[in-house]
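Participant: Attaching a single structure in structure tokens format; questions to follow.
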Amino acid sequence: MLDRLISSSHTISRILVWIGGGLILASAFLVTVEVFMRKFLNMSIGGADELSGYAFGVATTLGFAFSLFERAHIRVDALYILFPRILKVIASLFGLALLIGFTGFVAVQAWSMVADTLHHGSRSITPMRTPLAWPQIPWLAGWIFFVFCGCLLFLRALLSMLRGDLDGADRLIGMKSVEEQIEDETR
């Protein structure tokens, strides 16, 4: 059951990262059109910077879970590589717990902000007067999904570690080895 949930969440995270990438490309296109219109037609679409800011914020949170599954988040590994396998797994579990705790806190604060936005019907203070809930809700969903996926991976890695499968736990949450990184690049 847990493995199926992790597999499904990984698939969803892959879809979300593509959506996030699409948002970044769309905003780059919009800004490019805006720049050319200003330069050559002396006209402006208006709001390209606002929309691209929303797209960037949403795209970022949509990519968090995929980065977690791919073990692509930045880590400081000066001493980590010297640890024995059990200590590496414990350090990875501890780091993941801290990451989940921090992002859980951020998600709770984001939830509060979105609730406040919905309650007051808040809009941007730009000429577009964008209802702020529109970009905030998918942004919040990205945070919540990240915390959910982090909890799944933590639980799976903990169970693997308790069963003595340190390699399995390390493959889930540990740092990628140089060989794994090279293998990923050749795929």
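Participant: Failed condition for residue 29, given (1) at pLDDT 95 or above; (2) surrounded by 13 or more Cβ atoms within 10 Å (Cβ to Cβ); (3) under 21 Å from residue 128 (Cα atoms), with all others met?
Facilitator: Here residue 29 clears every test but (2).
Participant: Here are some conditions: (1) at pLDDT below 95; (2) surrounded by 15 or more Cβ atoms within 10 Å (Cβ to Cβ). Residue 63 meets all but one. Which one does it not meet?
Facilitator: (1)
Participant: So the check is Cβ under 6 Å with 6+ separation or different chains; which pairs have a first residue in region 27-44 that's closer than 13 Å to residue 56 by Cα and a second one that's outside any helix (DSSP H, G or I) and modelled with pLDDT of 95 or more?
Facilitator: Taking only residues 6 or more apart or on different chains, not a single pair turns up.
Participant: Now a separate question. Do we have residue 144 as aliphatic (A, V, I, L, M) and in contact (Cβ under 8 Å) with a residue 12 or more places away in the chain here? Steps first, answer last, please.
Facilitator: Values: aliphatic (A, V, I, L, M): yes; in contact (Cβ under 8 Å) with a residue 12 or more places away in the chain: yes.
So residue 144 passes the test.
Participant: Further question: Would you mind finding the one in 93, 87, 98 that is part of a helix (DSSP H, G or I), surrounded by 15 or more Cβ atoms within 10 Å (Cβ to Cβ) and out of contact with any strand residue (DSSP E or B) (no Cβ under 9 Å at 6 or more places or on another chain)?
Facilitator: On the way: 87 fails: surrounded by 15 or more Cβ atoms within 10 Å (Cβ to Cβ); 98 fails: surrounded by 15 or more Cβ atoms within 10 Å (Cβ to Cβ).
The match here is 93.
The values are calculated or read from the model by the stated rules, or taken from the named source; none is laboratory data. Every value quoted in this text rests on a predicted model; they were computed, and no experiment measured them. So basically every Cβ, Gly included, is an ideal-geometry build from the backbone, and we count neighbours across all protein chains shown.
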